[in-house]
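Each remark here refers to the structure printed beneath this line.
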Amino acid sequence: MAVPSLTEKSTPPAAAAGADDPPILDVRGLWKVFGPRADRVVGTPLAQLSRAELKHRTGCVAAVRDVSFSVRRGEVFVVMGLSGSGKSTLVRCLTRLVEPTAGEVRLDGEDVLACGERRLRELRRHRFGMVFQHFGLLPHRRVLDNVAYGLEIRGTKKDGRYERAREVLELVGLAGFEGSYPDQLSGGMQQRVGLARALAVDPEVLFFDEPFSALDPLIRREMQNEVIRLHREVGKTMIFITHDLSEALKLGDRILIMRDGALVQMGTPDQVVGAPADDYVRDFVSDVPRSDVLTLSWVMRDARPGEPLDGPELAPDTVIRDAARTVLSAGRPVKVVSGGALLGVVTTAEILEVIAGPDPGNPDSPGGESR
């Protein structure tokens, strides 16, 4: 069986894909209820009960409650929430490691929940890849054999799977460690082996279930940068589960925030920070430096009559932190321009307002109550 090269097949990043392109993964009305007679909850008045009430009345726990979202091809889609929010159960439902109680999961239009065991195995072997928090490496096998394991299960011949395994080991920076055993590697290196194993089968969608939470902070940042680099190089669709907001903001093209099994807010990092949906999200993002996340589109204003328009030009998606030096040194309004059209202007006042922090009583303040 031939094994495609990483350079042969690469999905374009989400930023380059059209927003109207069909999603690679489409989830609609997904439920997972644990407990006795769980199937009697969905579609009845019981579904409207709070998690605590439902548990008290029925003994059931709704781990995932009527969650819907789509993931674009090549996108890094982050699902985040605190412990018990349902995020890990959600990602396991997508691959049917946990069987959903109700709803739809479609991969390129194919109903994953309707697949028989044989077809589901094919999806897991060929189209899905999974990276777990606990590395799950086989301790008695060398790194090379661990990385090649999925290809071995698939039936790829030894020479082909070893060639592919060496290729992805070089990609994740572990060339030269092919003959090592897992216990001879650091935690960060073991997670790279897990990542290489997932990449080796050339999946269309990579699922990450809090893969870095057990790592030291420095190694964790290194692995986050590694994911960013790999996404830029191979363009895989990635669904990333985390409880860490800074990790979500760093990695995600879009972020879905969960609480008690339900979707609370979904949007781009600047939307989550700039317009939190409720107090729960607002508390989440309260310590985030907004100048590191918000763009000029959040603070630009209309040019005033007689205001000079001969200043520098910046794009509306320029992060405020990156624009600050230009704006503060310009001495005149900086034009926010897209496609040759003037969208607005930004001055020192708008930049300093963001750096100083939101005013909860001012609806026009970025991140204020009425934003």
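The values are calculated or read from the model by the stated rules, or taken from the named source; none is laboratory data. Keep in mind the model is a prediction, meaning the values are calculated, not measured. Glycine gets a Cβ as well: all are built from the backbone with ideal geometry, and neighbour counts include every protein chain shown.
Please go through region 58-86 and pick out each residue that is among the hydrophobic types (A, V, I, L, M, F, W, C) and over 19 Å from ILE24 (Cβ atoms).
If we filter region 58-86 for residues that are among the hydrophobic types (A, V, I, L, M, F, W, C), which is where we start, we get 60-64, 67, 69, 71, 76-80, 82.
Within region 58-86, CYS60, VAL61, ALA62, ALA63, VAL64, MET80, LEU82 meet the criteria.
One line per residue, one yes/no per condition, for (1) in the same structural domain as ALA262 (by TED's automatic domain parsing); (2) buried (at least 18 other Cβ atoms within 10 Å of the Cβ); (3) closer than 30 Å to PRO22 by Cβ:
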residue: GLY35; (1), (2), (3): no, no, no
residue: VAL42; (1), (2), (3): no, yes, yes
residue: ALA47; (1), (2), (3): no, no, yes
residue: VAL61; (1), (2), (3): no, yes, no
residue: VAL76; (1), (2), (3): yes, yes, yes
residue: VAL79; (1), (2), (3): yes, yes, yes
residue: GLY84; (1), (2), (3): yes, no, no
residue: VAL91; (1), (2), (3): yes, yes, yes
residue: THR95; (1), (2), (3): yes, yes, yes
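Could you check how many residues of region 307-323 are small (Gly, Ala, Ser) and surrounded by fewer than 17 Cβ atoms within 10 Å (Cβ to Cβ)? Working first, answer last.
Taking region 307-323 as the starting set, the residues that turn out to be small (Gly, Ala, Ser) are 311, 315, 323.
Applying the additional criterion that residues be surrounded by fewer than 17 Cβ atoms within 10 Å (Cβ to Cβ) yields 315.
Residues that pass the stated criteria total 1.
What's the number of the condition GLU178 fails, among (1) over 26 Å from VAL319 (Cβ atoms); (2) surrounded by fewer than 20 Cβ atoms within 10 Å (Cβ to Cβ); (3) touching a Gly at 6+ places or on another chain (Cβ under 7 Å)?
Among (1) over 26 Å from VAL319 (Cβ atoms); (2) surrounded by fewer than 20 Cβ atoms within 10 Å (Cβ to Cβ); (3) touching a Gly at 6+ places or on another chain (Cβ under 7 Å), GLU178 violates only (3).
Please verify whether ARG229 is surrounded by fewer than 20 Cβ atoms within 10 Å (Cβ to Cβ), more than 29 Å from TYR280 (Cβ to Cβ) and either at pLDDT 85 or above or of a type in the set (Gly, Ala, Ser) (or both), treating the condition exactly as stated. Outline the logic, then answer.
Working: surrounded by fewer than 20 Cβ atoms within 10 Å (Cβ to Cβ): yes; more than 29 Å from TYR280 (Cβ to Cβ): yes; either at pLDDT 85 or above or of a type in the set (Gly, Ala, Ser) (or both): yes.
Yes; evaluated as a whole, the condition is true for this residue.
Name, by its number, the condition in (1) more than 26 Å from LEU138 (Cα to Cα); (2) more than 12 Å from the chain's Cα centre (by Cα) that does not hold for MET266.
That leaves (2) as the condition not met.
Inside region 83-161, counting only helices (runs of 4 or more DSSP H) that do not spill past its ends, which hold 2 or more residues that are without any contact (Cβ under 8 Å) to a residue 60 or more places away in the chain and in contact with a helix residue (DSSP H, G or I) (Cβ under 6 Å, 6 or more places away or on another chain)? Quick ask: steps written out before the conclusion?
Working: elements: 87-94, 117-126, 143-154.
Hits in region 83-161: 143-154.
Mind telling me which of the residues ARG118, ARG92 ends up being out of contact with any Gly (no Cβ under 8 Å at 6 or more places or on another chain), basic (Lys, Arg), farther than 30 Å from ASP244 by Cα and at pLDDT below 95? Outline the logic, then answer.
Details: ARG92 fails: farther than 30 Å from ASP244 by Cα.
Sole residue among the options that is out of contact with any Gly (no Cβ under 8 Å at 6 or more places or on another chain), basic (Lys, Arg), farther than 30 Å from ASP244 by Cα and at pLDDT below 95: ARG118.
Here's the yes/no breakdown for (1) more than 21 Å from TRP31 (Cβ to Cβ); (2) within 22 Å of the chain's Cα centre (by Cα):
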| position | (1), (2) |
| --- | --- |
| SER88 | no, yes |
| VAL91 | no, yes |
| LEU97 | no, yes |
| GLU104 | no, yes |
| ARG118 | yes, no |
| PHE132 | yes, yes |
| LEU137 | yes, no |
| ARG141 | yes, no |
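For GLN190, are the conditions met, namely being within 17 Å of the chain's Cα centre (by Cα) and either part of a helix (DSSP H, G or I) or modelled with pLDDT of 85 or more (or both)? So that I can check it myself, show each step before the final result.
Working: within 17 Å of the chain's Cα centre (by Cα): no; either part of a helix (DSSP H, G or I) or modelled with pLDDT of 85 or more (or both): yes.
No.
Can you tell me which residue within region 294-306, out of those that are in contact (Cβ under 8 Å) with a residue 24 or more places away in the chain and either outside any loop (DSSP other than H, G, I, E, B) or not hydrophobic (A, V, I, L, M, F, W, C) (or both), is surrounded by the fewest Cβ atoms within 10 Å (Cβ to Cβ)?
First, the residues of region 294-306 that are in contact (Cβ under 8 Å) with a residue 24 or more places away in the chain: 294-303.
Then drop every residue that is not either outside any loop (DSSP other than H, G, I, E, B) or not hydrophobic (A, V, I, L, M, F, W, C) (or both), which leaves 295-298, 301-302.
Numbers: THR295: 22, LEU296: 24, SER297: 17, TRP298: 21, ARG301: 14, ASP302: 10.
Filtering region 294-306 for residues that are in contact (Cβ under 8 Å) with a residue 24 or more places away in the chain and either outside any loop (DSSP other than H, G, I, E, B) or not hydrophobic (A, V, I, L, M, F, W, C) (or both), the one surrounded by the fewest Cβ atoms within 10 Å (Cβ to Cβ) comes out as ASP302.
Search region 269-293 for residues being among the aliphatic types (A, V, I, L, M) and crowded, with 17+ Cβ neighbours inside 10 Å, and hand back the single one that is nearest to the chain's Cα centre (by Cα). Working first, answer last.
Taking region 269-293 first, the residues among the aliphatic types (A, V, I, L, M) are 272-273, 275, 277, 281, 285, 288, 293.
Those left that are additionally crowded, with 17+ Cβ neighbours inside 10 Å: 272-273, 275, 281, 285, 288, 293.
Numbers: VAL272: 13, VAL273: 16, ALA275: 19, VAL281: 17, VAL285: 17, VAL288: 18, VAL293: 16 Å.
Once the filter is applied, the top-ranked residue is VAL272.
Would you mind finding the one in ASP209, ASP183 that is acidic (Asp, Glu) and surrounded by fewer than 18 Cβ atoms within 10 Å (Cβ to Cβ)?
Every option except ASP183 fails the conditions.
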